[in-house]
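Take a look at the structure below.
Here, each number is a calculation from the coordinates, and none is a lab measurement. Fair warning: this is a prediction, and the values are worked out from it, not measured in the lab. Heads up, the Cβs are rebuilt from the backbone with ideal geometry, glycines too, and the neighbour counts pull from every protein chain shown.
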Amino acid sequence: QVQLVESGGGLVQPGGSMRLSCAVSGNIFTITAMGWYRQAPGKQRELVAVITGGGPANYADSVKGRFTISSNNYKNTVDLQMNSLKPEDTSVYYCYAELRRTDSSGYTDYWGQGTQVTVSL
């Protein structure tokens, strides 16, 4: 069993900041990627930021310079620091992990339950 538990989210004013956190737990053998996606009403889920294999992070063009992703490979956590938030950042944010379980030979994508971020006056 694998769980991704998100924290953070809520209402913030334009120009404000917010931090999202995600903890991955369960029978994990190895995690090869961790990151964040978001999905606004009526739109497809889109990549926000992801860290793969200890390499550099990849960001959506729309958040570059404003969002920073960080991970702790010992604690299996991934955070997203969001600064200079805009109304168009309003969305449900999902934590993501690609991992291999201890009872499996393959790699599977896992998702958190999602947390709402609303940027509004």
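Key figures for this structure:
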item	result
For segment 107-121, Karplus couplings with θ = phi - 60° (6.51, -1.76, 1.60), whole Hz, Gly/Pro x	10, 9, 8, 10, 10, x, 7, x, 9, 7, 10, 10, 10, 7, 6
J(HN,Hα) series, segment 11-28, from Karplus relation 6.51 cos²θ - 1.76 cosθ + 1.60, nearest Hz, glycine and proline x	9, 9, 7, x, x, x, 10, 7, 10, 10, 10, 9, 10, 9, 9, x, 7, 9
Selected from 76, 121, 59, residue furthest toward positive end of dipole (the chain; charges at beta carbon)	121
Extension gain, residue 7 back to residue 72 (0.36 nm per residue minus Cα-Cα distance, nm)	21.8 nm
Segment residue 57-residue 45, length gained on full extension (0.36 nm per residue, minus Cα span)	2.5 nm
Nearest-0.05 FRET efficiency for residue 111 and residue 17, computed from C-beta distance (R0 22 Å)	0.35
Mean separation of Cα contacts under 8 Å (6+ apart) over length of the chain, as relative contact order %	36 percent
Relative contact order (%) - segment 28-78, alpha-carbon pairs under 8 angstrom, separation at least six	28 percent
